[in-house]
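Following: one structure in structure tokens, then a few remarks.
The values are calculated or read from the model by the stated rules, or taken from the named source; none is laboratory data. Please read all numbers here as calculations on a predicted model, not as lab measurements. Because the Cβ atoms are built from the backbone with ideal geometry, glycine has one as well, and the counts that use them run over all protein chains shown. In case anyone asks, the SASA skips ligands and DNA or RNA and just uses the protein heavy atoms, side chains included. Shrake-Rupley method; radii C 1.70, N 1.55, O 1.52, S 1.80 Å.
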Amino acid sequence: MQSNISQQFSKALDDLQQWKNSFGAFSLDESLQVYPDTSAKVFNELIDRLKGNFPFHHPVYAGQMLKSPHDIAWAAYALASSINPNNHALDGGPPSSEMEKEIMPMLAKFFGYGDTFLGHLTSSGTIGNLEALWIARKLHPAKKIAFSSNAHYTHGRMCEVLGIESETIPITPDGKFDFSTIEASEIGTLVVTLGTTGLGEVEPLDQALAWAREHNIRIHIDAAYGGFFRCLKDSELIDGTSWKLMQEADSIVVDPHKHGLQPYGCGAVIFKDPAVGRFYKHDSPYTYFTSDDLHLGEISLECSRAGAAAVAFWATLQCFPLEENSGFGPILAKCRKAAIYGYSLIVDSKKLKAYKKPELDILTYFPIQETTKSISQISTLSRKVFQKGMEDQSFYLSLYKVSTEDFTRLHPEFEPDEKTVTILRSVLMRPEHHDFIPELIRRIENAI
Ligand SMILES: *Cc1c(COP(=O)(O)O)cnc(C)c1O
């Protein structure tokens with residue numbers, strides 16, 4: 001932990017304890033006491049078991065889409081969770097609900113929406129998307145929801161939950177939607193993913209918008225992973241075309257617990273038209289009492305939700321504004337540069353080959369030896385390298401399965417002797433990855 005934050009955190013804990021004491025002394029009930037021997041034993045075992053994690057905090061971890069939260073975020077989360085406010089209703093947590101109501105206009109503005117919008121935090125991206133698809137069904141009950149073959153798997157699952165038909169739209173080799181076989185009149189809402197979970201690809205929102213407008217179809221953007229990259233929309237680092245159009249969509253999901261430096265339990269959904277709030281109406285005899293102001297539970301599908309998640313994200317946004325040149329922009333820029341740098345090193349490597357050029361901060365590549373002729377050999381070698389890094393604790397990657405059809409289109413020189421090929425994948429979502437990437441690639445090459 002950064003030393004200033006560590007000191008200030010201890011002081012904040014003391015201050016909060018004083019506030020807790022200010023209501024008058026009372027002793028902890030006997031039934032809740034833990035013997036010192038027991039707690040010592042529990043802590044020892046906890047630490048032992050927690051060390052069974054992969055080093056998510058460290059740049060040697062270049063695997064899946066996860067990282068430790070920022071110190072400011074978990075410190076704020078810990079402070080708030082010692083009180084345990086519930087952001088369902090103002091009665092459950094007035095300050096943390098206020099913070100959520102301050103966060104949402106910042107997020108809405110960041111994505112280009114105006115002052116009137118409807119939005120709130122959720123427990124996850126899946127729940128945010130579920131809400132967006134639920135509203136999609138309310139608005140077009142007899143129509144389908146469409147998404148591409150690269151969309152997150154939970155969209156199909158949530159359509160099942162909602163009992164609504166879905167349609168998968170093929171993606172052409174150049175990354176465009178192939179609408180040619182789609183009966184547009186049957187579609188109510190199209191999901192566009194800005195930053196796919198697998199390869200970090202940005203679906204063409206311009207093409208989607210043009211098609212959707214022509215056929216009176218709504219658009220939902222799933223930017224659970226990619227959303228914060230909008231900071232870079234005007235920079236040279238990414239193609240800003242789709243990012244600049246986000247405000248044209250009807251709803252947006254983003255996960256602060258992915259690129260937003262947050263601990264898990266923090267997604268967000270925002271609707272452009274606040275009138276969709278009418279679908280959330282419910283009457284509960286036990287929740288909304290302290291005021292007539294908006295209770296977040298009146299506009300969300302979930303009931304109880306951690307107020308601590310809002311506190312943590314609020315604290316983070318005070319330190320890291322959603323701007324290109326300060327706060328989130330420089331963090332995202334470093335991650336993106338890590339991917340560009342890593343890609344150039346892999347292109348020059350004799351032992352690694354890039355699968356595809358990265359659009360954001362996800363690198364995909366595979367190991368080769370002089371004897372590598374077939375895709376089955378690539379899969380075997382990828383798995384070997386993946387294992388070796390973990391055994392030596394020298395690097396942590398993830399495996400990624402690609403269809404032979406997709407693979408062969410890009411790499412026709414390998415014999416297609418299996419239906420799928422397993423390659424390596426690194427989500428470079430720590431800015432420290434930038435300086436570490438030459439060492440990381442050296443370590444991977446040494447393991448081949
Ligand atoms: C991670 C992700 C989701 C699911 O979000 P959770 O927070 O894991 O539930 C949905 N869509 C995309 C594009 C994602 O990357």
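Which condition breaks for residue 104 when tested against (1) in contact (Cβ under 8 Å) with a residue 60 or more places away in the chain; (2) open to solvent by 10 Å² or more (accessible area, probe 1.4 Å)?
(2) is the only condition that residue 104 fails.
Consider only pairs whose beta carbons are under 6 Å apart and that are at least six residues apart or on different chains; among these, list those whose first residue lies in the stretch 252-281 and is over 19 Å from residue 319 (Cβ atoms) and whose second residue is more than 14 Å from the ligand (Cβ to nearest atom) and of a type outside the set (A, V, I, L, M, F, W, C).
Between residues of the stretch 252-281 that are over 19 Å from residue 319 (Cβ atoms) and residues that are more than 14 Å from the ligand (Cβ to nearest atom) and of a type outside the set (A, V, I, L, M, F, W, C), the close pairs are 270/119; 272/113; 272/250; 274/116; 279/138.
Do you know which of the residues in the stretch 221-230 that are open to solvent by less than 10 Å² (accessible area, probe 1.4 Å) and away from the ligand (no atom under 11 Å from the Cβ) is farthest from residue 128 (Cα to Cα)?
Only one residue fits best here, namely 229.
Select from the stretch 410-448 the residues that are touching a residue at least 24 places away in the same chain (Cβ under 8 Å) and basic (Lys, Arg) and write down the one among them that is most open to solvent (accessible area, probe 1.4 Å).
Going through the qualifying residues, I end up with 443.
Quick test of your reading of the structure: residue 147 fulfils all but one of (1) within 16 Å of the ligand (Cβ to nearest atom); (2) open to solvent by 20 Å² or more (accessible area, probe 1.4 Å). Name the failing condition by number.
The one condition residue 147 does not meet is (2).
Which is more than 30 Å from residue 416 (Cα to Cα) and open to solvent by less than 40 Å² (accessible area, probe 1.4 Å), of 332, 301, 352?
Only one candidate passes the filter, namely 332.
Among (1) at pLDDT below 95; (2) open to solvent by 60 Å² or more (accessible area, probe 1.4 Å), which single condition is residue 323 missing?
It fails just one condition, (1).
Which pairs turn up if I take residues in the stretch 170-183 that are at pLDDT below 95 and look for partners that are basic (Lys, Arg) with beta carbon separation below 8 Å, at least 6 apart in sequence or on another chain?
Pairs found: 173/409.
Take the conditions open to solvent by less than 60 Å² (accessible area, probe 1.4 Å), over 26 Å from residue 227 (Cβ atoms) and part of a loop (DSSP other than H, G, I, E, B) and apply them to residue 112. Does it pass?
no
Looking at the stretch 48-58, is at least one residue touching a residue at least 60 places away in the same chain (Cβ under 8 Å) and part of a strand (DSSP E or B)?
No, the stretch 48-58 contains no residue that is touching a residue at least 60 places away in the same chain (Cβ under 8 Å) and part of a strand (DSSP E or B).
Quick one: in the stretch 59-99, which of the residues that are under 30 Å from residue 440 (Cβ atoms) and of a type in the set (S, T, N, Q) is least open to solvent (accessible area, probe 1.4 Å)?
The selected residue is 68.
Among 189, 197, which is the only one that is within 13 Å of the ligand (Cβ to nearest atom), touching a residue at least 60 places away in the same chain (Cβ under 8 Å), polar (S, T, N, Q) and within 19 Å of residue 267 (Cβ to Cβ)?
Just a single option satisfies the conditions, and that option is 197.
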